[in-house]
Amino acid sequence: MKLAKAYEPNEYEPNIYALWEKSGAFKPSGKGEPFSTVMPPPNANGNLHIGHALDMGLKDISVRYKRMRGFDTVYIPGADHAGFETWVVYEKELGKQGKSRFDFTREQLYGQVWDFVDQQRGNMELQLRAIGVSADWEKLVFTLDSKVIKTVYSTFKKLWDDGLVYRGERIVNYSTKFQTSYADIEVDHKQEKGTLWHIAYPLIDRDGEIIIATTRPETLFGDTAVAVNPNDERYKDLIGKKVRLPLADREITIIADDYVDAAFGTGAVKITPAHDPNDFEVGKRHDLERIQVIDFDGTMMNVPEEFKGLEVVEARKATLNALKAKDLIRKEETIEHTVGYDYKSGLPIQPLIKDQWFLKMEPLAKRALEALENDEITFYPASRKQILKQYLQNIRDWNLSRQIPWGIPIPAFQNVDDENDWIFDEFVTEETIEVDGKTYAREEDTFDTWFSSGQWPFITTEALEGGDLSRFYPTSLMETGTDLLDRWIARMIMLGLYVTDKVPFKDVYLHGMVLDEHSQKMSKSKGNVINPMDSIAAYGSDALRLGLIASRSPGQNQAFGPDRIIAGRNFCNKLWNIARFIENKLGDDYTPAAPVAKSLADHWIISELKTAKETIERTLDNYRYAEASDAMYHVIWDSVADWYIEASKDQDNPDLLAWVIDVSLTLAHPFAPFVTETIWQTLQWHDSLLISETWPEIIDFSEIAAAEFSRVQQLVTEARFVITSLPGNEKYGLLYENDSLIEDNKSLIKRLAKLDRVVSTYQPKGLRLAVSGRDAWLDVSEETLSEHQVNLEERLARTHADIQALEGRLSNPNYVEKAPEKLVTETKQQLEEKKAVVIRLQHELEVLKI
RNA sequence: GGGCGCUUAGCUCAGUUGGCUAGAGCAUCUCGUUUACACCGAGAGGGUCGGGGGUUCGAAUCCCUCAGCGCCCACCA
């Protein structure tokens with residue numbers, strides 16, 4: 001088959017993917033040591049972004065590489081119902097239809113979102129295929145599959161039985177926009193300027209007032225105390241006295257608590273247990289009443305009529321106005337403080353009291369810490385392990401409840417006659433159940449998505465059931481974004497250890513964010529988003545993958561622009577054209593025989609491929625993808641294309657040429673799977689799939705012959721350099737004296753250096769190629785030669801400087817004694833070579849002067 | 001307040017046990033229609049590796065310090 005002049009990825013990629021999928025190449029072989037990785041399930045609610053392309057691409061490189069190296073390999077794909085994330089998207093859809101969640105029952109909503117997600121999912125899975133992931137699709141797990149729910153429930157039951165799960169009234173981070181609570185780590189903290197208002201609370205039973213300082217005056221209606229530090233002399237005799245709460249016309253007591261910092265504000269703090277986590281704690285210590293004044297929809301409640309129903313922002317203004325009217329504001333100061341925001345809506349998070357299911361994290365974190373101490377998991381980059389440890393050391397209990405219908409229902413029921421009587425039951429499709437003659441009502445909340453995601457490795461490998469993938473647990477590699485270190489990685493480790501007694505993965509690779517070409521975060525609003533599907537359509541899947549991994553190191557955010565994709569595209573085309581040349585050279589009826597190195601170039605290219613292969617192995621074994629890709633790129637472009645192909649136009653060795661293309665394609669396959677497989681399929685001597693090939697074996701070659709070829713290269717490079725610096729563009733001949741290397745490689749050198757002729761002579765003249773270290777001259781005219789005197793002198797000076805540096809090093813006794821012997825020997829050798837060059841150059845200059 | 005990271009060529013970045021003349025892609029300049037490729041070939045220019053100090057025979061790499069940038073965590077109202 002004849003190849004088109006340029007590689008057109010879109011013509012081949014879908015067919016190649018279908019070929020792989022149909023052949024069963026993605027399935028584990030059942031032979032060899034297991035290698036497994038689990039896809040961080042993309043949200044089933046939309047399109048993949050560039051970060052997915054990076055994430056999936058990196059993993060796929062490892063998977064393809066390990067598969068070729070004979071591991072029993074599996075890449076388990078997934079899709080995430082993405083509870084809250086999907087819910088937000090769906091609620092927006094409802095809004096467009098003029099409806100709200102309150103128009104439907106929980107079952108109706110669940111069904112509707114299910115259908116919505118079902119439509120989106122197919123699209124997402126097609127995109128994963130376009131990216132080229134070699135995942136075992138038959139093993140795909142959706143986070144709402146029954147087996148997921150079953151495992152999640154059994155884990156919850158175990159936690160319940162072990163007393164690690166509890167229901168409690170706590171201040172939770174609440175999104176009034178989406179009407180659900182968040183986990184602590186989902187709150188976006190922003191440092192900003194705010195106002196600290198000093199407000200006078202009049203004393204009762206005596207004259208005077210106490211001035212409190214607050215940034216949230218609107219919560220004043222919920223105050224149930226004023227607190228001061230017990231050691232604060234200013235307020236000592238006020239402790240226990242009562243004040244009149246302005247506007248609310250209620251009496252509250254001044255209490256003493258160590259929590260209060262006498263140096264901050266006025267040293268007196270209003271205590272609002274229902275709307276501030278610290279005040280909540282103070283309230284517990286002093287047994288204070290909790291008055292909720294902000295409703296779950298973000299409007300005021302339990303307040304005087306004029307404030308009722310106001311949004312928080314409005315309520316603040318109204319409260320301040322009312323206080324001003326009564327002349328109770330003593331001072332306003334600007335302060336820097338941190339405000340928690342809803343990461344999704346951008347609105348402030350309201351701390352509100354709610355009964356929620358919590359998980360006691362300390363015992364779980366303790367085991368995770370032990371595993372980290374014991375180096376049971378290797379992190380790439382290593383520094384993230386320390387960060388994770390710190391997180392685990394300061395861990396807080398995890399709020400598992402979400403007030404959204406889209407998710408896994410929490411399998412708990414409450415006795416309708418006794419609010420403290422909760423039982424575990426999986427019969428969540430019923431609103432009420434009867435147990436022991438008592439009626440129990442279903443918990444309406446669902447689990448935080450990350451509670452199920454946190455069990456992903458042992459769920460997907462069916463480690464608990466001993467399914468046919470259970471041999472892959474613990475998984476080999478977990479690869480995801482750095483931003484998921486605490487919300488996902490930490491939880492997988494903790495829950496993995498808790499449920500299976502094993503760490504869920506051996507290696508963790510964390511990649512940074514893909515930024516735009518000016519190092520700005522990509523976002524729809526900035527309009528700087530690179531869509532992976534657009535890139536694939538324009539340049540091909542391999543180009544995108546090559547571009548994304550180039551020069552990227554773990555954990556580091558990195559800029560990315562079209563230049564890199566284009567460089568990847570160009571490489572694919574280069575590979576394509578190497579193949580075209582070889583196909584043309586070998587002909588349609590070529591059948592390969594055992595390759596044997598004949599020419600110097602043959603020995604050299606085998607040596608080059610060997611070095612590259614070893615580099616790729618060493619780097620890929622340590623997930624240094626960029627370096628591996630770089631080694632692959634350069635051996636193919638620089639060594640195979642620029643030198644070996646050129647040399648083979650002069651001295652051909654068909655069997656070795658076939659071997660070189662095969663090895664090149666195999667080495668490149670993990671990085672550029674589509675183009676390499678496409679080419680493989682067109683080479684008529686293959687009837688197999690490249691994806692299922694084994695990693696190349698290097699054939700015999702002579703180091704000496706390979707080194708000889710390097711010398712030919714040196715001479716050619718020197719000749720090219722000198723020729724380009726000469727005026728005009730005439731062709732020159734090469735003269736040489738008694739040099740068998742040149743003699744034996746005459747026509748090769750002539751071709752590579754584009755010389756007119758190469759002839760042996762006893763009377764050399766012209767320009768000596770002194771730096772090449774050979775007795776060779778370019779046959780140039782006397783005029784050209786004298787014009788080149790300056791050039792020669794420059795080179796002589798440079799060589800002298802090199803010699804000085806080398807001699808300096810060798811004259812240092814410490815260097816000679818302490819540096820490795822090999823290094824010292826090399827230095828000596830270099831010195832000798834440089835000296836020889838000087839002699840040649842000097843001789844040349846003398847001749848010129850005559 | 002605590003922690004982490006970054007600062008290397010015009011741009012974006014590699015450089016993992018300290019060791020040849022510090023690399024890549026893109027960009028720039030010169031030349032090139034050679035029977036794979038202009039999505040190309042040949043060649044070139046461009047860096048006191050943020051500043052200062054230290055350890056070492058030897059530092060982009062290790063230590064200290066200063067400066068600038070970025071991120072994460074944390075209940076100071």
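Considering A:VAL514, A:VAL508, the condition of being within 14 Å of the chain's Cα centre (by Cα), at pLDDT 90 or above and within 30 Å of A:ASN374 (Cβ to Cβ) is satisfied by A:VAL508 alone.
Once the range A:269-279 is narrowed to residues that are more than 16 Å from A:ASP184 (Cα to Cα) and more than 7 Å from RNA strand B (Cβ to nearest atom), the residue that is surrounded by the fewest Cβ atoms within 10 Å (Cβ to Cβ) is A:ALA274. When residues in the range A:171-186 are screened for being within 12 Å of RNA strand B (Cβ to nearest atom) and outside any loop (DSSP other than H, G, I, E, B), 6 of them pass. Of all residues in the range A:795-850, those being out of contact with any helix residue (DSSP H, G or I) (no Cβ under 9 Å at 6 or more places or on another chain) and among the hydroxyl-bearing types (Ser, Thr, Tyr) number 2.
Somewhere in the range A:206-223, is a residue charged (D, E, K, R) and near RNA strand B (Cβ under 8 Å from one of its atoms)? Yes, some residue in the range A:206-223 is charged (D, E, K, R) and near RNA strand B (Cβ under 8 Å from one of its atoms).
Would you confirm whether any residue within the range A:85-100 is in contact with an Asp or Glu (Cβ under 8 Å, 6 or more places away or on another chain), touching a residue at least 60 places away in the same chain (Cβ under 8 Å), farther than 30 Å from A:ILE698 by Cβ and part of a helix (DSSP H, G or I)? The answer is no, given that none of the residues of the range A:85-100 is in contact with an Asp or Glu (Cβ under 8 Å, 6 or more places away or on another chain), touching a residue at least 60 places away in the same chain (Cβ under 8 Å), farther than 30 Å from A:ILE698 by Cβ and part of a helix (DSSP H, G or I). Residues that are near RNA strand B (Cβ under 10 Å from one of its atoms) and either among the charged types (D, E, K, R) or not in a loop (DSSP other than H, G, I, E, B) (or both) do occur in the range A:537-545. Taken as a whole, the condition of being more than 30 Å from A:ASP72 (Cα to Cα), at pLDDT 90 or above and among the small types (Gly, Ala, Ser) does not apply to A:GLY95.
All of A:ILE291, A:ILE254, A:ILE239 fail the test of being within 22 Å of A:ARG170 (Cα to Cα) and more than 10 Å from RNA strand B (Cβ to nearest atom), apart from A:ILE291. Looking at the range A:739-821, the helices (runs of 4 or more DSSP H) lying wholly inside it that each contain 2 or more residues that are exposed (fewer than 14 other Cβ atoms within 10 Å of the Cβ) sit at A:740-744, A:782-787, A:789-811, A:813-818. State yes or no: is A:LEU734 aliphatic (A, V, I, L, M), within 14 Å of RNA strand B (Cβ to nearest atom), under 15 Å from A:THR717 (Cα atoms) and surrounded by 13 or more Cβ atoms within 10 Å (Cβ to Cβ)? For A:LEU734, the condition - aliphatic (A, V, I, L, M), within 14 Å of RNA strand B (Cβ to nearest atom), under 15 Å from A:THR717 (Cα atoms) and surrounded by 13 or more Cβ atoms within 10 Å (Cβ to Cβ) - is not met. Considering only residues in the range A:373-387 that are touching a residue at least 40 places away in the same chain (Cβ under 8 Å) and more than 10 Å from RNA strand B (Cβ to nearest atom), the one that is nearest to the chain's Cα centre (by Cα) turns out to be A:PHE379.
Of the listed requirements (1) free of Cβ contacts under 8 Å to residues at least 60 places away in the same chain; (2) within 15 Å of RNA strand B (Cβ to nearest atom); (3) outside any helix (DSSP H, G or I), A:TYR623 misses just one: (1).
Counting only residues that are surrounded by 15 or more Cβ atoms within 10 Å (Cβ to Cβ) and under 27 Å from A:ASP257 (Cα atoms), the range A:288-302 holds 7 of them.
Inside the range A:648-675, residues that are assigned to a helix (DSSP H, G or I), away from RNA strand B (no atom under 15 Å from the Cβ) and polar (S, T, N, Q) make up a count of 1. Does at least one position in the range A:635-647 carry a residue that is within 12 Å of RNA strand B (Cβ to nearest atom), assigned to a helix (DSSP H, G or I), in contact (Cβ under 8 Å) with a residue 12 or more places away in the chain and under 30 Å from the mean Cα position of the chain (by Cα)? Yes, the range A:635-647 contains a residue that is within 12 Å of RNA strand B (Cβ to nearest atom), assigned to a helix (DSSP H, G or I), in contact (Cβ under 8 Å) with a residue 12 or more places away in the chain and under 30 Å from the mean Cα position of the chain (by Cα). The condition of being among the aliphatic types (A, V, I, L, M), within 10 Å of RNA strand B (Cβ to nearest atom) and assigned to a helix (DSSP H, G or I) holds for A:ILE582. Applying the condition of being within 16 Å of RNA strand B (Cβ to nearest atom) and charged (D, E, K, R) to the range A:1-53 and asking which residue is modelled with the lowest pLDDT yields A:LYS2. Of note, A:ALA567 satisfies the criterion of being among the small types (Gly, Ala, Ser), over 30 Å from A:ARG711 (Cα atoms) and within 12 Å of RNA strand B (Cβ to nearest atom). Taking the listed residues A:SER725, A:SER702, A:SER747, A:SER760, the one that is more than 12 Å from RNA strand B (Cβ to nearest atom) and more than 30 Å from A:LYS613 (Cβ to Cβ) is A:SER760, with no other qualifying. Taking the listed residues A:ILE212, A:ILE254, the one that is more than 16 Å from A:LEU328 (Cβ to Cβ), of a type in the set (Val, Ile, Thr) and modelled with pLDDT of 90 or more is A:ILE254, with no other qualifying.
Look at A:ALA248 and say whether it is without any contact (Cβ under 8 Å) to a residue 24 or more places away in the chain and in a loop (DSSP other than H, G, I, E, B). In short, no. Tell me the residue from A:GLU107, A:GLU138 that is among the acidic types (Asp, Glu), out of contact with any strand residue (DSSP E or B) (no Cβ under 9 Å at 6 or more places or on another chain), more than 26 Å from A:THR461 (Cβ to Cβ) and surrounded by fewer than 19 Cβ atoms within 10 Å (Cβ to Cβ), please. Matching residue, one of A:GLU107, A:GLU138: A:GLU107. When A:ASP588 is tested against (1) closer than 29 Å to A:LEU620 by Cβ; (2) more than 33 Å from the chain's Cα centre (by Cα); (3) part of a loop (DSSP other than H, G, I, E, B), only condition (1) is not met. Hey, among the residues in the range A:801-817 that are among the acidic types (Asp, Glu) and within 12 Å of A:LYS835 (Cβ to Cβ), which one's farthest from RNA strand B (Cβ to nearest atom)? Per the criteria, the residue is A:GLU807. Quick one: would you say A:LYS574 is part of a helix (DSSP H, G or I), within 7 Å of RNA strand B (Cβ to nearest atom) and either at pLDDT below 95 or surrounded by 16 or more Cβ atoms within 10 Å (Cβ to Cβ) (or both)? For A:LYS574, the condition - part of a helix (DSSP H, G or I), within 7 Å of RNA strand B (Cβ to nearest atom) and either at pLDDT below 95 or surrounded by 16 or more Cβ atoms within 10 Å (Cβ to Cβ) (or both) - is met. Applying the condition of being touching a Phe, Trp or Tyr at 6+ places or on another chain (Cβ under 7 Å) and in a strand (DSSP E or B) to the range A:378-402 and asking which residue is farthest from A:THR446 (Cα to Cα) yields A:TYR380. Look at the range A:566-582: where a residue is on the phi < 0 side of the Ramachandran plot and a partner is more than 8 Å from RNA strand B (Cβ to nearest atom) and of a type in the set (D, E, K, R), sitting 6+ places away or on another chain with Cβ atoms under 6 Å, you get A:CYS572/A:ASP542. Of all residues in the range A:105-160, those satisfying the criterion of being in a helix (DSSP H, G or I), of a type in the set (A, V, I, L, M), in contact with a Lys or Arg (Cβ under 9 Å, 6 or more places away or on another chain) and modelled with pLDDT of 95 or more are A:ILE131, A:LEU159.
The values are calculated or read from the model by the stated rules, or taken from the named source; none is laboratory data. From a predicted model like this one, the values you see are computed outputs, not experimental measurements. No Cβ is skipped: glycine too gets one built from the backbone with ideal geometry, and neighbour counts run over all protein chains shown.
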